[in-house]
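Please read the structure below before turning to the comments.
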Amino acid sequence: MLALLIRDLRLATRAGGGFGLGLAFFLIVCTLVPFGVGPEGGTLALIAPGILWVGALLACLLSLDRIFALDWEDGSLDLLATAPLPMEGAVLVKAAAHWITTGLPLVVAAPVFGILLHLPSGAQGWLVAALLLGTPALSILGAFGAALTVGLRRGGLLMSLLVLPLYVPTLIFGAEAVRRGAAGGDGTTPLVLLAGITLATLAAIPFAAAGALRVNLR
Amino acid sequence: MSIWEYANPVKFMRTSGAVLPWLVGATAICLPAGLIWGWSVPEDYKQGATVKIMFLHVPSAMMAINIWVMMLVASLIWLIRRHHVSALAARAAAPIGAVMTVVALVTGAVWGQPTWGTWWEWDPRLTSFLILLLFYLGYMALWSAIENPDSAADLTGVMCLVGSVFAFLSRYAAHFWNQGLHQGSTISVAPGDRISSVYSYPLYTCMLGFFLLFVTLLLIRTRTEIRRRRTAALLAREMRA
């Protein structure tokens with residue numbers, strides 16, 4: 001499992017791996033939004049939690065097709081299927097690699113983007129906590145979507161249609177925690193629910209994703 | 001007599017062919033009867049004539065959810081026991097369910113404009129219906145994108161299972177996110193705060209009519225799909241010969 005994780009991380013960070021693209025996309029979203037809604041600090045602070053979360057969602061979506069597509073093309077997915085590691089474990093490792101290369105940088109960089117969007121300083125901690133708890137769910141759900149569409153030639157658009165509705169609960173609780181923090185309140189309740197969703201998806205989704213992969217490899 | 005016998009398409013075609021004319025007849029009686037009856041009810045003291053939208057809105061909303069549940073059950077039967085007709089039925093049900101969702105959303109908007117003063121509100125019920133529509137669209141898109149029919153049935157089945165959990169979750173998450181404008185349920189067996197029988201009897205007739213309409217359309221669509229597969233198989237045989 002560790003070897004697979006290191007291999008995936010290496011592939012993602014070497015040239016052409018697309019590492020950092022998600023982060024750059026996030027930056028562009030945060031730059032474009034003020035052009036769209038106007039530069040008033042009050043308005044921006046009001047919508048900042050939502051923009052940051054939707055930005056994180058889309059940045060995550062961008063790199064999803066890389067989870068399985070390349071391995072599918074060069075046949076290493078077949079090797080993985082015959083390896084002693086169960087498919088569920090492989091899915092989990094792949095999702096973890098995706099999270100480390102996409103989710104984790106977003107979590108680390110989010111406070112900076114929060115400043116760009118005039119997020120109140122009291123909400124910064126909530127933002128980091130919510131992203132840290134929520135982005136693993138985004139990666140594992142994304143791995144499920146990627147597993148469903150791996151055999152398709154133009155699966156990218158279809159995958160966003162399949163995956164984005166699955167992100168709704170995560171988005172609601174994640175953005176709600178930050179919004180409550182921004183209003184000076186306590187965001188613990190949505191945060192706990194968010195953590196619950198993440199843990200449940202981590203426990204259950206690998207089985208569904210592995211099932212979908214087996215069908216696609218049949 | 002069990003559903004497993006109908007995994008044989010020939011048996012299914014024979015039985016459904018015999019039942020179908022009766023179903024069409026029952027639908028043709030029940031649905032117009034309910035709608036005309038609904039049209040002739042007295043106007044509500046507060047909502048006026050707009051209350052009559054209910055006879056389209058409530059049954060279609062109910063069917064939109066029930067059809068998804070039916071798809072879930074049919075997908076499970078396919079995934080567990082490889083019941084081919086079941087997978088076809090799930091596929092055939094999806095567009096009907098999507099149309100029911102759209103009807104519920106549109107009639108809801110038309111009803112909401114005069115009574116709430118808005119076409120659309122980010123109310124939990126409205127939002128979860130929109131999300132349900134997205135799931136229907138994704139399900140149908142996935143079906144049409146995969147060429148191999150068995151893989152398509154498998155993958156959409158898995159998607160239906162996961163989607164059901166998340167559609168359910170989204171519904172309650174939406175309650176957390178925004179308190180609603182939509183009224184609660186007023187159809188119940190318990191006495192108390194519920195709909196007057198002047199409205200409820202035509203409403204039940206409409207519900208029955210919508211249900212019969214769904215079963216009729218479902219059987220027709222499933223039969224069409226079976227026939228399409230037969231022609232495809234015949235064509236393939238001819239090509240090889």
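Determine the shape class of the range A:2-217: with a ≥ b ≥ c the square roots of the Cα gyration tensor eigenvalues, call it rounded for a/c under 1.5, and otherwise prolate if a/b is greater than b/c, oblate otherwise. It is prolate, given that a/c is not under 1.5 and a/b is the larger ratio.
Other residues whose C-beta falls under 13 angstrom from the C-beta of A:L152 contribute a net charge of -1, scoring Lys and Arg +1 and Asp and Glu -1. Neighbouring Cβ atoms from other chains, within 10 Å of the Cβ of residues in B:138-145, number 5 on average.
Residues B:T231, A:T189, ranked from the fewest to the most other C-beta atoms within 10 Å, line up as B:T231, A:T189. The sum of -39500 (n - 2.57) across all DSSP H runs of n ≥ 4, divided by the residue count of the protein assembly as shown, sets its helix-only mean residue ellipticity at 222 nm to -27500 deg cm²/dmol. Taking every Cα-Cα distance in the protein assembly as shown and sorting them into 10 Å bins starting at zero, the pair-distance distribution P(r) comes out as 4, 18, 25, 24, 18, 9, 3, 0 percent. Each 5 Å bin from zero up to the one holding the largest Cα-Cα distance in the range B:69-177 carries the following percent of pairs: 2, 12, 20, 20, 16, 12, 8, 5, 3, 1, 0.
What helices does chain A hold that run 20 Å or longer along their axis, going by alpha-carbon atoms, with a Kyte-Doolittle average of 0.0 or more, using DSSP H for the helix calls?
Helices meeting the span and hydropathy rule in chain A are A:21-37, A:41-62, A:121-149, A:168-182, A:188-217.
Need one value for A:199-206: mean number of C-beta atoms belonging to other chains within 10 Å of its residues' C-beta atoms.
That works out to 1 on average.
FYI, it's all coordinate maths here, none of it is from the lab. These figures come from a predicted structure and were not determined experimentally. We place every Cβ from the backbone using ideal geometry, glycine too, and count neighbours over all the protein chains shown.
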